[in-house]
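Here's the structure we're looking at; comments come further down.
The values are calculated or read from the model by the stated rules, or taken from the named source; none is laboratory data. Note that the structure is predicted; figures quoted are calculated from it, not measured. Note that we place each Cβ from the backbone using ideal geometry, even for glycine, and neighbour counts take in every protein chain shown.
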Amino acid sequence: MSLLPYSLARPFLFSMDAEKAHELTLNALARTQGTPLQCAWSTRRVDDPFELAGLRFPNRIGLAAGLDKNARCIDGLGALGFGFVEVGTVTPLGQPGNPKPRMFRLPDAQALINRLGFNNDGLDAFIANVKQARFRQRPGQPMLLGLNIGKNAATPIERATEDYLVCLDGVYPHADYVTVNISSPNTKNLRALQSDEALDQLLGALAARRAELASRHSRKVPLFVKIAPDLDEAQIDVIAATLQRHGMDGVVATNTTLSRDKVQGLPHGDEAGGLSGAPVLAMSNQVIRLLRERLGAGYPIIGVGGVMSAEDAVSKLDAGADLVQIYTGLIYRGPSLVTDAALALKACRTR
């Protein structure tokens, strides 16, 4: 258990602008990870090994991409007890993202809205930070690292594949798995890549390049694709078939939603951007159920969206997910959610 209860830190953080609190937290993690001060938040990891996509995960709870876009805090985040951590989204060139303010809390709904827009320092800085991480050098089973890739906002959508290939080339040697983010609502036209022809072209190019990289590096790194919750059954049918046709190793379901049905009338409820947190749970779980029906047993699914409690994490498995990621729940609940959820998923083995 960490020495500093999150219940003491949260009121201070929630008194600040959401993005300023986010940056303050990341800066603190970056400065103190790997030092004796890390004991203030570090947590013993739940041991619940699970094999998926040719990888052995120490437990089934991971951190979703978006919290650490520049891969600055891999070791510090790993100390929270995650079985795997996903960082990014990274783009080939650094970019500032959308104008501020661009992150908003909705405490009454246990939710966030963000329109950050893939703000990051670019691929070179990202890889340099990944190389500095020391988690693989520690004794015992290391956590796994996912690297999440996207396109620059200035890149025309018809040239998006070029950006993804540049990023794949860069991150491939350093990743346990790579996630292709085609579902952020905050980069113009990005979700168009989930359509039939565009998705087919993108995944075909990525599969071909992955084959080249696997030969060059003598290891096949799994490729996952992250999709949106705002999809109808016909769209899910297309995505499922395309994932399998091009040999993608798994799917991450889901990203944030554009729906505001469950936050109408709340302060900031009408802000533009992606909504995450509790209101997304049912939507995400429905997409997971449909994917499991289409993809069949054994196809890897990482469930993310609306996990605010251990029970929510279990609901992802019940819907058909194999692994579970959290993000907004960590902000509202703190590190105890990681342990609680990991223990709950471990208990599912005996049900």
remark   = Taking the stretch 229-267 and keeping only residues that are more than 21 Å from A65 (Cα to Cα), surrounded by 18 or more Cβ atoms within 10 Å (Cβ to Cβ) and touching a strand residue (DSSP E or B) at 6+ places or on another chain (Cβ under 6 Å), one is left with V263
task = Would you tally the residues in the stretch 1-50 being part of a helix (DSSP H, G or I) and small (G, A, S)?
result = 7
ask   = Quick check: is even one residue across the stretch 13-20 under 21 Å from S276 (Cα atoms), out of contact with any strand residue (DSSP E or B) (no Cβ under 8 Å at 6 or more places or on another chain) and of a type in the set (F, W, Y)?
value = no
ask   = Which ones in the stretch 1-48 are over 16 Å from L77 (Cβ atoms), surrounded by fewer than 16 Cβ atoms within 10 Å (Cβ to Cβ) and either hydroxyl-bearing (S, T, Y) or within 20 Å of the chain's Cα centre (by Cα) (or both)?
value = S7, S15
note = When the stretch 274-304 is checked residue by residue, the ones that are over 18 Å from I331 (Cα atoms) and in contact (Cβ under 8 Å) with a residue 60 or more places away in the chain are V287, P300, I302
remark   = Pairing a residue in the stretch 313-334 that is within 13 Å of S284 (Cβ to Cβ) and modelled with pLDDT of 95 or more with any residue that is charged (D, E, K, R) and part of a helix (DSSP H, G or I), where Cβ atoms lie under 6 Å and the two sit 6 or more apart in sequence or on different chains, gives A319/R289; G320/R289; G320/R292; V324/K316
ask   = Which residues, taken from the stretch 2-35, are of a type in the set (D, E, K, R) and within 23 Å of R138 (Cβ to Cβ)?
value = R31
inquiry  = Among the residues in the stretch 52-66, are any within 24 Å of G140 (Cβ to Cβ), among the charged types (D, E, K, R) and out of contact with any Gly (no Cβ under 7 Å at 6 or more places or on another chain)?
reply    = yes
remark   = The one condition T179 fails out of (1) surrounded by fewer than 14 Cβ atoms within 10 Å (Cβ to Cβ); (2) among the hydroxyl-bearing types (S, T, Y); (3) touching a strand residue (DSSP E or B) at 6+ places or on another chain (Cβ under 8 Å) is (1)
task = May I ask you to list the residues in the stretch 211-228 that are under 22 Å from S184 (Cβ atoms) and either surrounded by fewer than 22 Cβ atoms within 10 Å (Cβ to Cβ) or acidic (D, E) (or both)?
result = P222
ask   = Within the stretch 205-225, is there a residue that is small (G, A, S), out of contact with any Phe, Trp or Tyr (no Cβ under 8 Å at 6 or more places or on another chain) and under 17 Å from K316 (Cβ atoms)?
value = no
query = Considering the stretch 196-238 alone, what residues qualify as being closer than 23 Å to V166 by Cα and β-branched (V, I, T)?
reply = V221, V225, I227
note = Restricting the stretch 125-141 to residues that are without any contact (Cβ under 8 Å) to a residue 12 or more places away in the chain and not small (G, A, S), the one surrounded by the fewest Cβ atoms within 10 Å (Cβ to Cβ) turns out to be P139
inquiry  = I need the full set of residues from the stretch 242-272 which are out of contact with any Leu (no Cβ under 8 Å at 6 or more places or on another chain), more than 23 Å from G320 (Cβ to Cβ) and touching a residue at least 24 places away in the same chain (Cβ under 8 Å), in order please.
reply    = E271, A272
